[in-house]
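In what follows, a single structure is set out as structure tokens and then discussed.
The values are calculated or read from the model by the stated rules, or taken from the named source; none is laboratory data. Worth saying up front: this structure is predicted, and the values here are computed from it rather than measured. Cβ placement follows ideal geometry from the backbone for every residue including glycine, while neighbour counts extend to all protein chains displayed. Just so you know, the surface numbers come from the protein's heavy atoms only, side chains and all, with ligands and any DNA or RNA stripped out. Shrake-Rupley method; radii C 1.70, N 1.55, O 1.52, S 1.80 Å.
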Amino acid sequence: DSGVTQTPKHLITATGQRVTLRCSPRSGDLSVYWYQQSLDQGLQFLIQYYNGEERAKGNILERFSAQQFPDLHSELNLSSLELGDSALYFCASSLQGATNEKLFFGSGTQLSVL
Amino acid sequence: GENVEQHPSTLSVQEGDSAVIKCTYSDSASNYFPWYKQELGKGPQLIIDIRSNVGEKKDQRIAVTLNKTAKHFSLHITETQPEDSAVYFCAATSSGSARQLTFGSGTQLTVLP
């Protein structure tokens, strides 16, 4: 158990809809990362937060947004969903958010867009 | 930006044999190279990492080697066991920057009993 909690584990929705994925980082970790894993794209970095502030942005679509709350949990919002958004979404956390820190990954949210 | 290529994409070995997974990277500024193991239904888990001031690092049956000149690094697993079966990802980044880890495409390792 990594200590990172993601909910829900599975999400099935229709095109055009909006969903929210939730992540609670490991106790003591200040930084949260979101990754998208698909069969043809591997692990793609979406966005990173540190202590409530956005620190780095990767290949995140404009239809996607995220935030980190004062209690350090994070939410990833995906809107106007398309079939191609179907993927496994991982949250990870680290202590200080440095690039050479160990990342602790949650078990992921499997999103299926029908 | 950084580009990490990983080979092979699939690897099957007999239990007890060794397994080697290789990665190459493009950015000569990269200085941190972790390896993550992802078991079915779980998130990736760090198994070993190496920094550019070290050429080799071992942890029991796992070792990683780094050749900065050639810009490649490898994961070696000796005396493989069925529980080693998983997807392995290499990654690269440089410290002190806003860049994130760039992951390889993954290697599905199957250890046959």
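For A:THR20, the requirement of being more than 13 Å from every other protein chain (Cβ to nearest Cβ), assigned to a loop (DSSP other than H, G, I, E, B), open to solvent by 50 Å² or more (accessible area, probe 1.4 Å) and of a type in the set (Val, Ile, Thr) is not met.
Filtering segment A:2-26 to residues that are small (Gly, Ala, Ser) and farther than 23 Å from B:GLN38 by Cβ leaves A:ALA14, A:GLY16. Pairing each residue of segment A:99-114 that is at the interface with chain B (Cβ under 7 Å from one of its Cβ atoms) with any residue that is of a type in the set (D, E, K, R) and surrounded by 19 or more Cβ atoms within 10 Å (Cβ to Cβ), provided the two are 6+ apart or on different chains, yields C-beta distances under 7 Å for A:THR99/B:ARG99. When you check A:ALA56 against the structure, is it without any contact (Cβ under 8 Å) to a residue 12 or more places away in the chain and in a strand (DSSP E or B), yes or no? Criteria met by A:ALA56.
Using the structure shown, decide if A:LEU95 is under 18 Å from B:GLY43 (Cβ atoms), within 14 Å of chain B (Cβ to nearest Cβ) and without any contact (Cβ under 8 Å) to a residue 24 or more places away in the chain. Against the criterion (under 18 Å from B:GLY43 (Cβ atoms), within 14 Å of chain B (Cβ to nearest Cβ) and without any contact (Cβ under 8 Å) to a residue 24 or more places away in the chain), A:LEU95 does not qualify. Here A:GLN44 clears all of (1) in a strand (DSSP E or B); (2) away from chain B (no Cβ under 13 Å) except the condition numbered (2).
Among the residues of segment A:62-97, those that are assigned to a loop (DSSP other than H, G, I, E, B) and exposed (fewer than 14 other Cβ atoms within 10 Å of the Cβ) comprise A:GLU62, A:ARG63, A:PHE69, A:PRO70, A:ASP71, A:SER80, A:GLU82, A:GLN96.
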